[in-house]
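Asker: The structure follows.
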Amino acid sequence: MGLPLPIFYFNQDKLGRLIVVDGRQRLTALFEFMSNKWPLRGLKVLDELNGKKFDDLSPVVQSQIEDYQLQAHVIQPPTADRIKFDIFDRVNRAGTQLNKQEIRNALYQGKSTQLLNQIVETGEFAEATENAFEKNARMKDKYLILRFLAFELYFYGEIKADNEKYVYKNDIDELLGLAMEHINMMMTVDVAALFDMTMKSLRNSCTFFGENAFRMVRRDGTRSPVNMNIFEVLMHMASRLEETDLPRRKYIRKKVDEMKKSALFQDAIGNHRDSWQKVQIRYKMADEILEELHGKRVEN
């Protein structure tokens, strides 16, 4: 018909690849039709084309489709993630609002998204989280794992920004985006090592911390949902526990329960939980348990 389609939005990464920000469904429909995957149906204008696939169209109509010009805006690097999130929000207001992890999943397609998918589909993840995310459809499970991996990579000095060692300044979205970008650039063998480390942490979490490991148990016996800050800290601890620590399991669980109930820890997972100060407090408390465990003989 020659009518314009709504504008498409693409994000260009540092390697020049274009990632669809808005318009994926329209592009998918267009490419699938031109690949002869399905016939046209329900046309009220040009209704004589109903039932025809692309190859059934006349050469003139095929050329009109092939030569049609799409209009697009390209978000150029280095645009901050918070600006990309705002663009996503603006262009998607008519549809389902995407949360930040869903947006990251669109922006950083590659080894990072494959790794997160792989981890959350394992039995180890289901067991450690007590199937809390079995019916999750908004990527909360992937957000949980990404936070854990991002902080681990950060503590090991792996995260870079502008070719310099990244310094965390309370912007969790920036850290998570850089972490996914870093994983996308990693060697396959190193990504596999991240997967293995995460599996070890999940298994050790079940072994050492037991039921309700990642939850707060209230005085009336009810349980909170899986807490992301408890999850990342205990996963951090679990990655550093070995079979040789099994005889001290009761002691470890006791110390973890005391940490979770302490006013200092609860403040560190409360308001402003992603500030560097609060992050340092809760990870330091976890590391102190590990240091006491491995630094001297501990009686059960």
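The values are calculated or read from the model by the stated rules, or taken from the named source; none is laboratory data. Keep in mind it's a predicted model, so treat the numbers as computed, not measured. In this analysis, Cβ positions are derived from the backbone assuming ideal geometry, glycine residues included, and neighbour counts consider all displayed protein chains. Areas reflect the complete protein model, heavy atoms only, side chains present, ligands, DNA and RNA absent. Shrake-Rupley method; radii C 1.70, N 1.55, O 1.52, S 1.80 Å.
Asker: What number of residues in region 17-42 are out of contact with any strand residue (DSSP E or B) (no Cβ under 8 Å at 6 or more places or on another chain) and either part of a helix (DSSP H, G or I) or surrounded by 11 or more Cβ atoms within 10 Å (Cβ to Cβ) (or both)? Please lay out each step first, then the result.
Answerer: Within region 17-42, the first condition is being out of contact with any strand residue (DSSP E or B) (no Cβ under 8 Å at 6 or more places or on another chain), and the residues that meet it are 17, 24-25, 28-42.
After this cut, where a residue has to be either part of a helix (DSSP H, G or I) or surrounded by 11 or more Cβ atoms within 10 Å (Cβ to Cβ) (or both) as well, the list is 17, 24-25, 28-40.
Adding up the residues that qualify gives 16.
Asker: Determine whether V279 is within 24 Å of L146 (Cα to Cα), among the aliphatic types (A, V, I, L, M) and touching a Lys or Arg at 6+ places or on another chain (Cβ under 6 Å). Talk me through it step by step, then tell me what you get.
Answerer: Numbers: within 24 Å of L146 (Cα to Cα): yes; among the aliphatic types (A, V, I, L, M): yes; touching a Lys or Arg at 6+ places or on another chain (Cβ under 6 Å): no.
Answer is no for this residue.
Asker: Then there's this: When the residues of region 118-140 are narrowed to those that are open to solvent by less than 20 Å² (accessible area, probe 1.4 Å) and out of contact with any Lys or Arg (no Cβ under 9 Å at 6 or more places or on another chain), which ends up nearest to A106 (Cα to Cα)? Lay out the reasoning, then the answer.
Answerer: First pass over region 118-140, keeping only residues open to solvent by less than 20 Å² (accessible area, probe 1.4 Å): 119, 125, 128-129.
In the following step, the residues that additionally are out of contact with any Lys or Arg (no Cβ under 9 Å at 6 or more places or on another chain) were identified as 125, 129.
Working: F125: 23, T129: 25 Å.
For region 118-140, the residue satisfying everything is F125.
Asker: For region 165-182, state whether one or more residues are at pLDDT below 95, loosely packed, with under 14 Cβ neighbours inside 10 Å and aromatic (F, W, Y).
Answerer: Checking region 165-182: not a single residue is at pLDDT below 95, loosely packed, with under 14 Cβ neighbours inside 10 Å and aromatic (F, W, Y).
Asker: While we're here: Name the single residue that is nearest to N105 (Cα to Cα) among those in region 155-164 being open to solvent by 30 Å² or more (accessible area, probe 1.4 Å) and modelled with pLDDT of 90 or more.
Answerer: E158
Asker: While we're on this one: Give the number of residues within region 238-262 that are assigned to a helix (DSSP H, G or I) and open to solvent by less than 30 Å² (accessible area, probe 1.4 Å).
Answerer: Looking only at region 238-262, we keep the residues that are assigned to a helix (DSSP H, G or I), and these are 238, 243-261.
Right, trim to open to solvent by less than 30 Å² (accessible area, probe 1.4 Å) and you get 238, 245, 251-252, 256, 259-260.
Residues meeting the conditions: 7.
Asker: In addition: Given the conditions (1) assigned to a helix (DSSP H, G or I); (2) closer than 23 Å to V20 by Cα; (3) without any contact (Cβ under 8 Å) to a residue 60 or more places away in the chain, report the number of the one that V61 does not fulfil.
Answerer: Result: V61 fails condition (2) only.
Asker: I'd like to verify a number: residues in region 263-279 that are without any contact (Cβ under 8 Å) to a residue 24 or more places away in the chain and crowded, with 18+ Cβ neighbours inside 10 Å, how many?
Answerer: Total meeting the criteria: 2.
Asker: Also, I was wondering about something else. Take region 245-300 and flag every residue that is basic (K, R) and more than 14 Å from E232 (Cβ to Cβ). So that I can check it myself, show each step before the final result.
Answerer: Initially, region 245-300 is screened for residues basic (K, R), giving 248-250, 253-255, 260-261, 273, 278, 282, 284, 296-297.
Listed by number, the residues that qualify are R248, R249, K250, R253, K254, K255, K261, K296, R297.
Asker: Now, a different point. Inside region 1-11, can you point out the residues that are surrounded by 11 or more Cβ atoms within 10 Å (Cβ to Cβ) and part of a loop (DSSP other than H, G, I, E, B)?
Answerer: Our first condition is that a residue be surrounded by 11 or more Cβ atoms within 10 Å (Cβ to Cβ); within region 1-11, this holds for 5-11.
Listed by number, the residues that qualify are L5, P6, I7.
Asker: Would you check if K14 is in contact (Cβ under 8 Å) with a residue 24 or more places away in the chain, under 30 Å from M187 (Cα atoms) and open to solvent by 40 Å² or more (accessible area, probe 1.4 Å)? Don't jump to the end; show me each part of the working.
Answerer: Details: in contact (Cβ under 8 Å) with a residue 24 or more places away in the chain: yes; under 30 Å from M187 (Cα atoms): yes; open to solvent by 40 Å² or more (accessible area, probe 1.4 Å): yes.
For K14, the condition - in contact (Cβ under 8 Å) with a residue 24 or more places away in the chain, under 30 Å from M187 (Cα atoms) and open to solvent by 40 Å² or more (accessible area, probe 1.4 Å) - is met.
Asker: Within region 107-126, can you find the residues that are assigned to a helix (DSSP H, G or I) and β-branched (V, I, T)? Explain how you work it out, then say what you get.
Answerer: As a first pass, look at region 107-126 and keep what is assigned to a helix (DSSP H, G or I): 107, 111-120, 123-126.
Those that are assigned to a helix (DSSP H, G or I) and β-branched (V, I, T): T113, I119, V120.
Asker: Continuing with the same structure: Can you spot a residue in region 258-273 that is within 21 Å of L293 (Cβ to Cβ) and basic (K, R)?
Answerer: Scanning region 258-273 turns up at least one residue that is within 21 Å of L293 (Cβ to Cβ) and basic (K, R).
Asker: Let me ask something else. Residues that are surrounded by 18 or more Cβ atoms within 10 Å (Cβ to Cβ), in a helix (DSSP H, G or I) and at pLDDT below 95: does region 195-202 have at least one?
Answerer: No, there is no match, as no residue in region 195-202 is surrounded by 18 or more Cβ atoms within 10 Å (Cβ to Cβ), in a helix (DSSP H, G or I) and at pLDDT below 95.
Asker: Sticking with this structure for a sec: Among the residues of region 204-237 satisfying the criterion of being among the charged types (D, E, K, R) and buried (at least 17 other Cβ atoms within 10 Å of the Cβ), which is modelled with the lowest pLDDT?
Answerer: Here is the first cut: in region 204-237, the ones among the charged types (D, E, K, R) are 211, 215, 218-220, 223, 232.
Cutting the leftovers down to buried (at least 17 other Cβ atoms within 10 Å of the Cβ) gives us 215, 232.
Working: R215: 91, E232: 96.
Among those that are among the charged types (D, E, K, R) and buried (at least 17 other Cβ atoms within 10 Å of the Cβ), it is R215.
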